[in-house]
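Scroll down for the structure; my scribbles are underneath it.
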Amino acid sequence: MGNCSSFKNLCLFSQLKQKNINEIKEQNENVVTTKLKIDVDLSNNSSEHEYEHEHIDSHNQKMSSHYIVNFPNHEKRKESSTYRKTHHSMCVDKNIPCFICGKTQQGSHISLETHHFYCEKAAQNAIDWLKFGEFAKNCYNIQTGEYIGNKFDWSKVEENPDIFVDSEYNMIVLCKEHHISGTKGVHHVPFPNWILQKYPKDDFQFLM
């Protein structure tokens, strides 16, 4: 195994020996690639590689995705009493701001919305709530920090999912733009891109 490694290192060293320039910069469409010399230590069958570093200027990248969501049978959407209580508590009584931009209903004079975070309403009849209960032992509301795990009898949630789905533990507050807009809303933008809007440096705009 050691002889094989030494042979590979020797081949690598032979190929790169001619490239004894410390730094080579290549400019191609605003991309600068810096290639550094590779030092190979054959005495202990190890090699120290300084890999390529690419410096890419700020740029736009157009994204699109197409997929099919299969929802189970469910009743036509209507507000449950739990949801009405939750929405009023979070948006009015507690005046919780939009999770992304920080606007509040009272301070910004806009109508904020509540978003089902862990499970959306239309999916609740196909969730194994006992399995979710095990998962929830490690879960918190991403906005309020409220611990979820021991707050529910998941066998009862199995019988009536509204108990959890429409509760404050499954809800975050969002403005309309960051909730349902086609370019910045959580219902349309993949979560890894959507969440970047919460903590940009120097007001950097991730989504256009």
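Of note:
- Taking region 118-135 as the range and being assigned to a loop (DSSP other than H, G, I, E, B) and touching a helix residue (DSSP H, G or I) at 6+ places or on another chain (Cβ under 6 Å) as the test, the residues that pass are Tyr118, Cys119.
- Filtering region 173-208 to residues that are closer than 13 Å to Met63 by Cβ and touching a Gly at 6+ places or on another chain (Cβ under 6 Å) leaves only His188.
- Residues in region 80-114 that are outside any helix (DSSP H, G or I), out of contact with any strand residue (DSSP E or B) (no Cβ under 8 Å at 6 or more places or on another chain) and in contact (Cβ under 8 Å) with a residue 40 or more places away in the chain: Ser80, Cys101, Lys103, Ile110, Ser111.
- Subset of region 136-163 that is hydrophobic (A, V, I, L, M, F, W, C) and not in a helix (DSSP H, G or I) - its residue that is surrounded by the most Cβ atoms within 10 Å (Cβ to Cβ): Ile148
- Residue that is at pLDDT 95 or above, outside any helix (DSSP H, G or I) and either under 30 Å from His66 (Cα atoms) or not assigned by TED's automatic domain parsing to the domain that holds Ser111 (or both), where the choices are His178, His187: His187
- Residue in region 118-141 that is among the β-branched types (Val, Ile, Thr) and farther than 18 Å from Tyr83 by Cβ present: no
- Among residues of region 74-123 being among the acidic types (Asp, Glu) and under 19 Å from Trp194 (Cα atoms), the one that is surrounded by the most Cβ atoms within 10 Å (Cβ to Cβ) is Glu113.
The values are calculated or read from the model by the stated rules, or taken from the named source; none is laboratory data. Note that this is a predicted model, so its numbers are computed, not measured. So basically every Cβ, Gly included, is an ideal-geometry build from the backbone, and we count neighbours across all protein chains shown.
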